[in-house]
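S.K.: Submitted below is the structure of interest, expressed as structure tokens.
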Amino acid sequence: QPTMKTETECAQRACITALEMLKHCPYLAVDATNEIDKVFLNLHIGVGVGKFGSFSIGGVFNSWEYILTGHPLSQIAIAEPTARSGEVVVSPEVVELLKDLATFETPHQEPVAECIL
């Protein structure tokens, strides 16, 4: 049975995972029928922390949607657009949890929106 992790442990693991993803997959090549139409997508990541809910809704005509909701999604919605290609931007809540475990730099730009609770 899995053990419950603290928010600090979860935030730390999420940040480590995000950095490893950038290290190993800095871009994604979308295959095309020919080399001219090939597209490369650059990865940038936003990290938030907290409890969230996940739901599968639908079923009509065997169509299902997976929904996530909660404060961490609001954090990510602000952090992710702030990240440039190849960057991880974390929410202030993540910084607060990890301030004694990691070093953070201020993003190159202000967030595009303030979080509204």
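The values are calculated or read from the model by the stated rules, or taken from the named source; none is laboratory data. Keep in mind the model is a prediction, meaning the values are calculated, not measured. Virtual Cβ from ideal backbone geometry, glycine too; neighbours counted across all protein chains shown. Ligands, DNA and RNA are stripped out before the accessible areas are found, and what is left, the full protein with its side chains, is counted by its heavy atoms. Shrake-Rupley method; radii C 1.70, N 1.55, O 1.52, S 1.80 Å.
S.K.: Remind me, relative contact order of the range 7-92 in percent, using alpha carbon pairs under 8 angstrom and six or more residues apart? Show your work: numbers first, answer last.
M.R.: On the way: 133 pairs, mean separation 26.1, N = 86.
It comes to 30 percent, rounded to a whole number.
S.K.: Loop by DSSP (not H, G, I, E, B), at most 15 other beta-carbon atoms within 10 Å: where is the longest site-free stretch of the chain for GluC sites (Glu not before Pro)? If you can, show how the numbers build up before the last one.
M.R.: Values: sites that count: 105, 114.
In the chain, the maximal stretch lacking such sites is 1-104.
S.K.: Could you check the simple spin-label distance between residue 103 and residue 19, using points 7 Å along Cα→Cβ, in nm with one decimal?
M.R.: 1.1 nm
S.K.: Ignoring ligands, DNA and RNA, what percent of the accessible area of the range 1-94 is carbon or sulfur (1.4 Å)? Intermediate results must be reported in sequence, preceding the final value.
M.R.: Numbers: 4080 of 6800 Å².
Summing carbon and sulfur atoms, their accessible area is 60 percent of the total for the range 1-94.
S.K.: A further question follows. Restricting attention to the range 1-83, which trypsin sites (Lys or Arg not before Pro) occupy a DSSP loop and are surrounded by at most 12 other Cβ atoms within 10 Å? Walk me through the numbers on the way to the answer.
M.R.: Values: sites: 5, 13, 23, 38, 51; in loops: 5, 38, 51.
Answer in residue order: 5, 38, 51.
S.K.: No solvent, one uniform scatterer per C-alpha: report log10 I(q)/I(0) for the range 1-53 via the Debye equation at q = 0.19, 0.31, 0.32 1/Å, two decimals.
M.R.: Listed by q, the Debye log ratios stand at -0.76, -1.15, -1.17.
S.K.: Can you work out the accessible area per residue across the chain, with the rest of the protein chains kept in place, probe 1.4 Å, in square angstrom? Display every interim value, and only then the final one.
M.R.: Values: 8980 Å² over 117 residues.
Accessible area per residue: 77 Å².
S.K.: Then there is this: Among 41, 62, 90, whose Cα lies farthest out toward the positive end of the dipole of the chain, if unit charges sit on the beta carbon of Lys, Arg (+1) and Asp, Glu (-1)?
M.R.: About the Cα centre, the residue reaching furthest to the positive side is 62.
S.K.: So what is the orientation-averaged projected area of the chain, using the convex hull of its C-alpha atoms, in nm²? Don't jump to the answer; show the numbers that get you there.
M.R.: Details: hull surface 46.0 nm².
Mean shadow area of the hull around the Cα atoms is 11.5 nm².
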